[in-house]
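The values are calculated or read from the model by the stated rules, or taken from the named source; none is laboratory data. These figures come from a predicted structure and were not determined experimentally. For neighbour counting, all protein chains shown are included, and Cβ atoms are generated from backbone atoms with ideal geometry for every residue, glycine included. Keep in mind that these areas ignore ligands, DNA and RNA; they rest on the heavy atoms of the full protein, side chains included. Shrake-Rupley method; radii C 1.70, N 1.55, O 1.52, S 1.80 Å.
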Amino acid sequence: MKALVTYFSQTGNTEKVARAIYDAIETAEKDVVEISNVQEIDDYDVVFCGFPVHAHSVPPKVEFFIAGLPEGTKVALFGTHGSLRGGELAVQAFYHAITISPKLRILGTFGCRGKVKHSILEALMKKPENLAWATEAQGAAGHPDRADLEDAARFARTMITKARTLK
Ligand SMILES: Cc1cc2nc3c(=O)[nH]c(=O)nc-3n(C[C@H](O)[C@H](O)[C@H](O)COP(=O)(O)O)c2cc1C
């Protein structure tokens with residue numbers, strides 16, 4: 001089995017999760033590649049794709065990547081977000097990610113909180129559409145933390161088992 005872990009990350013949170021996933025998976029072959037540098041996709045049996053939640057959704061670059069994956073690709077999605085883990089604001093973004101392409105086989109999703117710089121939060125909170133998540137994001141300092149990364153590793157192993165057993 002050959003696995004690709006790819007991610008988009010502006011401030012390093014999603015990259016940390018990507019590296020934890022990469023370290024946790026035990027496959028014959030594996031690669032971790034920033035999303036802009038992915039060259040060949042057909043070779044992989046499973047693709048882990050990570051993104052930071054932006055504006056309750058998936059950043060356009062990642063949306064484009066997911067939409068372009070070959071039919072039947074087994075995909076595990078992961079993301080980081082400032083809002084509460086499992087909260088409606090984050091769930092909305094994952095729901096969107098899952099529904100980008102009906103031709104994919106989505107194995108599962110994993111999300112955890114990711115800190116947002118105070119200066120960025122202050123600037124974003126000036127717009128009413130950011131108020132809800134940015135207010136929650138004040139509690140995301142220190143994330144992703146060790147527990148988040150351990151959860152990400154467990155998620156990764158589960159996804160590999162699923163990829164192996166799903167026909
Ligand atoms: C422009 C911008 C928009 C964001 N929008 C959201 C959002 O809608 N909901 C949310 O929970 N977090 C939002 N965040 C917070 C990021 O998702 C979070 O900090 C994430 O961990 C950043 O990941 P990165 O370091 O990999 O870029 C936003 C951050 C930025 C910079």
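Residue by residue, here is whether (1) closer than 27 Å to Leu166 by Cβ; (2) more than 11 Å from the ligand (Cβ to nearest atom); (3) at pLDDT below 95 holds:
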residue	(1), (2), (3)
Ile25	yes, yes, no
His56	no, no, yes
Glu71	yes, yes, no
Leu84	no, no, yes
Ala90	yes, no, yes
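Within region 121-158, being basic (Lys, Arg) and either open to solvent by less than 40 Å² (accessible area, probe 1.4 Å) or at pLDDT 95 or above (or both) holds for Arg146, Arg154, Arg157.
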